[in-house]
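Peer 1: After the structure tokens below, expect a handful of questions from me.
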Ligand code: F6R
């Protein structure tokens with residue numbers, strides 16, 4: 001959460017910083033700010049709310065200078081006010097920060113005792129004050145920044161700028177990602193390569209504990225122990241770093257529409273003429289006795305879906321858990337256990353902590369990620385990219401279906417290795433899977449029906465989602481998607497659980513969305529649906545042609561999807577769940593791509 005950027009440039013830097021922040025706004029949008037050094041003086045501008053407010057402020061109060069740092073905030077410590085907005089400044093130091101300084105209260109008390117007065121409620125201001133404190137005692141800027149970083153506990157990506165130093169920036173990372181961009185006579189830092197893409201495609205990712213001293217022509221990287229280290233410079237793919245809506249009204253709409261093509265990319269990364277190929281060192285599923293899968297939010301629902309696949313197809317016992325619970329529960333990890341972490345960003349703090357908990361306990365650590373350079377990927381024995389491309393909309397869509405794709409391939413691989421799937425059955429599934437991008441296109445073509453249903457759903461205060469078997473995790477994902485972008489209260493239940501309590505909620509005001517292809521469990525779901533309709537509930541059924549014919553005409557709305565083998569239904573049914581949420585949010589006029597209180601990359605607990 002929060003995005004940071006820094007530029008030592010050769011042109012006026014304010015517009016460059018604002019453009020980089022625009023590309024980072026998905027990480028938080030509670031406030032934004034920039035600081036520059038001009039004629040030797042640090043100056044800053046900050047504004048509450050979205051970046052556009054900062055841009056407006058800069059029109060009236062421009063900021064000159066060719067060196068600068070910028071920040072877009074997702075508030076943790078201190079309300080989203082202008083005072084709490086970054087950059088934080090103390091005397092000759094300005095700082096931007098992503099993460100949480102856990103020992104800031106102790107540091108603050110120490111600084112207050114030394115006569116310094118904090119002006120904000122933030123943990124970050126302490127960082128600036130500490131550096132100021134060291135500089136006031138005569139420590140040069142770089143050493144003062146290093147001494148400050150040494151004192152910090154918690155997670156941080158930091159960039160420092162100093163009064164009187166127009167060709168100097170210090171950056172550091174611990175627990176939050178940070179990339180250095182190399183230009184021609186210019187140098188940059190950014191929370192991710194996307195922010196830096198308009199400036200350069202040459203990027204060095206700092207490693208855990210690294211600090212960097214930058215000038216326009218040089219970068220010196222030191223590790224946590226202060227030793228000089230070399231970190232590889234890579235070229236990033238510029239197409240992966242494109243951030244535009246491509247003619248769509250919202251990133252979310254674009255990303256939903258991209259699913260046929262990104263799913264093709266995910267499939268071609270793992271499918272060969274002869275079957276499923278994993279990158280080295282692969283996974284020997286025959287030796288895996290059980291799998292623990294851990295993630296957060298949508299990625300957790302992808303894991304939950306995969307549990308059904310691994311267990312049914314491969315007979316492999318799977319435990320799934322929410323990372324924030326798993327990491328503190330101290331669950332025993334028995335010999336024979338492999339651990340699999342799923343994360344779009346690869347930086348989610350709880351998922352990373354859960355991975356580290358498993359490091360010495362599990363036989364192997366695997367991850368399914370969208371960002372190959374991410375911390376979770378780098379700390380895994382094998383990281384499997386989902387090839388979804390940059391996902392900017394805060395609500396995850398294409399990453400979810402790509403996660404499902406890779407997880408299904410893994411389950412099939414496991415089934416093969418464990419002798420549970422004969423080649424014919426496997427090929428049948430793979431053939432249908434290869435055809436899925438086309439099937440996705442057909443499903444996306446049902447958009448109008450879904451939009452019409454959404455117009456009415458937008459008037460509801462509460463909505464229930466029901467699903468059984470493979471549709472249960474998907475119902476949970478549908479409810480999450482709807483609540484996060486439309487702010488309508490939505491809950492999902494396993495259909496069979498309905499009469500154990502939630503049916504008390506049902507009346508004519510509560511639409512019930514039932515996800516039910518005509519699969520082996522359809523009849524059971526239909527019974528639950530009848531129970532809802534008998535109590536005046538309005539059912540919106542998402543099904544296939546056979547399901548629609550069998551469901552009867554009491555159903556309020558029906559969305560009919562193409563037929564696919566049962567095992568593939570979660571992939572296909574994700575699309576109407578996303579579209580329902582999207583159109584409902586649009587009908588309500590909410591901020592689809594940047595819903596309130598949320599941020600894309602949750603790098604704090
Ligand atoms: C919901 C959503 C979140 C993320 C969750 C995990 O639409 O996007 O629930 O799925 O924050 O994020 P990653 O996958 O980056 O670990």
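Every number in this text was worked out from the coordinates using simple rules, so none of it is lab data. All values derive from a computational prediction rather than experimental measurement. Cβ: placed from backbone, ideal geometry, glycine included. Neighbour counts: every protein chain shown.
Peer 1: Would you mind ranking 582, 134 by Cβ crowding within 10 Å, fewest neighbours first?
Peer 2: 134, 582
Peer 1: If you scale each eigenvalue of the Cα gyration tensor by 5 and take the root, what three semi-axes come out for segment 448-512, rounded to whole angstrom and sorted largest first?
Peer 2: So the three semi-axes of segment 448-512 are 19, 14, 11 Å.
Peer 1: Could you compute the FRET efficiency for residue 459 and residue 137, with r as their C-beta to C-beta distance and R0 at 56 Å, rounded to 0.05?
Peer 2: Computed FRET efficiency for residue 459 and residue 137 comes out at 0.30.
Peer 1: Another question about this same structure. Based on the alpha-carbon gyration tensor of segment 51-103 and its eigenvalue square roots a ≥ b ≥ c, which shape applies: rounded if a/c is under 1.5, prolate if not and a/b is larger than b/c, or oblate?
Peer 2: Because a/c hits 1.5 or more and a/b fails to exceed b/c, segment 51-103 counts as oblate.
Peer 1: Turning to a different aspect of this structure: Evaluated at 10 °C with a viscosity of 1.306 mPa s, what Stokes-Einstein diffusion coefficient in µm²/s does segment 202-308 have when Rh comes from the Kirkwood expression over alpha-carbon pairs?
Peer 2: 84 µm²/s
Peer 1: Considering only DSSP beta bridges with both partners in segment 63-176, what is the antiparallel share in %, to the nearest 5?
Peer 2: For segment 63-176, the DSSP antiparallel bridge percentage is about 95.
Peer 1: Moving on to the next point. Convex hull over the Cα atoms of segment 364-498, averaged projected area in nm²?
Peer 2: 10.9 nm²
Peer 1: Can you put 396, 380, 343 in order, fewest other beta carbons within 10 Å first?
Peer 2: 380, 396, 343
Peer 1: DSSP beta bridges in the chain, what fraction antiparallel, as a percent rounded to 5?
Peer 2: Of those bridges, close to 60 percent are antiparallel.
Peer 1: Please determine, in degrees from 0 to 90 and to the nearest 10, the orientation of helix 104-113 with respect to the longest principal axis defined by the Cα atoms of the chain, where the helix direction is its Cα long axis.
Peer 2: With rounding to tens, the tilt is 20 degrees.
Peer 1: May I pose another question? Can you pull the Rg over Rh of segment 99-246, Cα-only, Kirkwood?
Peer 2: Here the Rg-to-Rh quotient is 1.00.
Peer 1: Compute the helix-to-body angle for 398-417: its Cα long axis versus the longest principal axis of the chain, expressed 0 to 90° and rounded to tens.
Peer 2: So the inclination is approximately 60 degrees.
Peer 1: If you don't mind, there's one more thing I want to ask. Any idea how far the Cα center of segment 405-448 sits from the one of segment 525-604, in Å?
Peer 2: 21 Å
Peer 1: Over the Cα atoms of segment 520-605, how large are the radius of gyration and the largest Cα-Cα distance (Dmax), in Å?
Peer 2: Considering segment 520-605 through its Cα atoms, Rg and Dmax are 16.6, 49 Å.
Peer 1: Still on this structure, I have one more. With viscosity set to 1.306 mPa s and temperature to 10 °C, compute the Stokes-Einstein D of the chain, Rh being the Kirkwood radius across alpha carbon pairs; µm²/s, no decimals.
Peer 2: Result for D is 63 µm²/s.
Peer 1: Rounded to the nearest 10 degrees, what's the angle between the helix 423-434 long axis and the longest principal axis of the chain, both from Cα atoms, 0 to 90?
Peer 2: 60 degrees
Peer 1: For segment 1-126, report the translational diffusion coefficient in µm²/s to the nearest whole number, using Stokes-Einstein at 10 °C, 1.306 mPa s, and a Kirkwood Rh over Cα pairs.
Peer 2: The estimated diffusion coefficient comes to 109 µm²/s.
Peer 1: Return the distance in nm (one decimal) between the two label points of a simple spin-label model at residue 280 and residue 509, each offset 7 Å from Cα along Cα→Cβ.
Peer 2: For residue 280 paired with residue 509, the spin-label model returns 6.3 nm.
Peer 1: Which shape class, rounded, prolate or oblate, goes with segment 5-47 when its Cα gyration tensor gives a ≥ b ≥ c as root eigenvalues, a/c under 1.5 marks rounded, and past that a/b bigger than b/c marks prolate?
Peer 2: In terms of gyration-tensor shape, oblate.
Peer 1: Suppose a student asked you for the relative contact order of the chain, using Cα pairs under 8 Å spaced at least 6 residues apart; what percent would you report?
Peer 2: 12 percent
Peer 1: Next up: Run the helix sum for the chain: -39,500 (n - 2.57) per DSSP H stretch of 4+ residues, divided by residue count, reported at 222 nm to the nearest 500 deg cm²/dmol.
Peer 2: -11500 deg cm²/dmol
Peer 1: Separate question: Using all C-alpha to C-alpha distances in segment 247-390, build P(r) with 10 Å bins and read off the rounded percent in each one.
Peer 2: The percentages, shortest bin first, are 12, 39, 36, 11, 2, 0.
Peer 1: Would segment 468-564 count as rounded, prolate or oblate if I go by the C-alpha gyration tensor, calling it rounded below 1.5 in a/c and otherwise prolate when a/b exceeds b/c, oblate otherwise?
Peer 2: Note, shape of segment 468-564 comes out rounded.
Peer 1: So, one more: Order by neighbour count: 298, 351, 139, fewest other Cβ atoms within 10 Å first, most last.
Peer 2: 139, 298, 351
Peer 1: If you average over every viewing direction, what projected area does the convex hull of the Cα atoms of segment 196-260 give, in nm²?
Peer 2: Across all orientations, segment 196-260 yields a mean hull projection of 6.4 nm².
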